[in-house]
């Protein structure tokens, strides 16, 4: 009973507090965008490593002034917290992962892309292995012919959690370096070649 109450209170208050924290971090940091000016208007798959997820909404807003995206989020409790947090930024979610409930999640993501939504995905989420690209992103891109934009978010000052993904929380009063690739078309590639290419690009963007 106590666990249920604590989770209820967490879901009630933490997402709002987290959304304020994200805004505070963004406003108190300098921003450097190392990114193309445009990626086009077609639905796009935005991909970043799970550990750099926190500040992703502001890279998305760099390209889309009006948010129109669904983000793949774990159906576990921590995923529910993230889901409720990003709703404060106008972003929708698809609950589940491409490891568990894979078919349902992929069907929903593919439908979202065909309906004109962008998709946000952490190719190594929700539980790892860290910095390994799971099949889901390749399947989505090849079924819809949507292009992929690789995202890296590298703060100059940060805390790093001792979690599986080495989750990064930027500190105030540093610089947020946002990296984004040109749109990558993997729709006609062999799945293993596509995996290798995406991992190489995800590993590439550094300060």
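Odds and ends about this structure:
- The sole residue among 9, 72 that is out of contact with any helix residue (DSSP H, G or I) (no Cβ under 6 Å at 6 or more places or on another chain) and either surrounded by fewer than 19 Cβ atoms within 10 Å (Cβ to Cβ) or within 21 Å of residue 170 (Cα to Cα) (or both) is 9.
- Any hit, the range 117-127, residues being more than 14 Å from residue 72 (Cα to Cα), within 16 Å of the chain's Cα centre (by Cα), in a loop (DSSP other than H, G, I, E, B) and modelled with pLDDT of 95 or more: no
- Test: residue in the range 111-128 that is touching a helix residue (DSSP H, G or I) at 6+ places or on another chain (Cβ under 7 Å), in contact (Cβ under 8 Å) with a residue 40 or more places away in the chain, closer than 18 Å to residue 19 by Cβ and surrounded by fewer than 18 Cβ atoms within 10 Å (Cβ to Cβ): no
- In the range 148-175, the residues that are farther than 13 Å from residue 53 by Cβ and in contact with a helix residue (DSSP H, G or I) (Cβ under 7 Å, 6 or more places away or on another chain): 148, 150, 172, 173
- Failed condition for residue 76, given (1) under 25 Å from residue 157 (Cα atoms); (2) modelled with pLDDT under 95: (1)
- Unmet requirement for residue 25, which otherwise passes all of (1) surrounded by 14 or more Cβ atoms within 10 Å (Cβ to Cβ); (2) under 17 Å from residue 180 (Cβ atoms): (2)
- Subset tally (residues that are modelled with pLDDT under 95 and loosely packed, with under 13 Cβ neighbours inside 10 Å) for the range 12-22: 2
- Any hit, the range 32-48, residues being under 24 Å from residue 16 (Cα atoms), modelled with pLDDT under 95, surrounded by fewer than 18 Cβ atoms within 10 Å (Cβ to Cβ) and touching a strand residue (DSSP E or B) at 6+ places or on another chain (Cβ under 7 Å): no
The values are calculated or read from the model by the stated rules, or taken from the named source; none is laboratory data. Given the structure is predicted, the values throughout are model-derived calculations rather than measurements. As a convention, Cβ positions derive from the backbone with ideal geometry for all residues, glycine included, and neighbour counts pool all protein chains shown.
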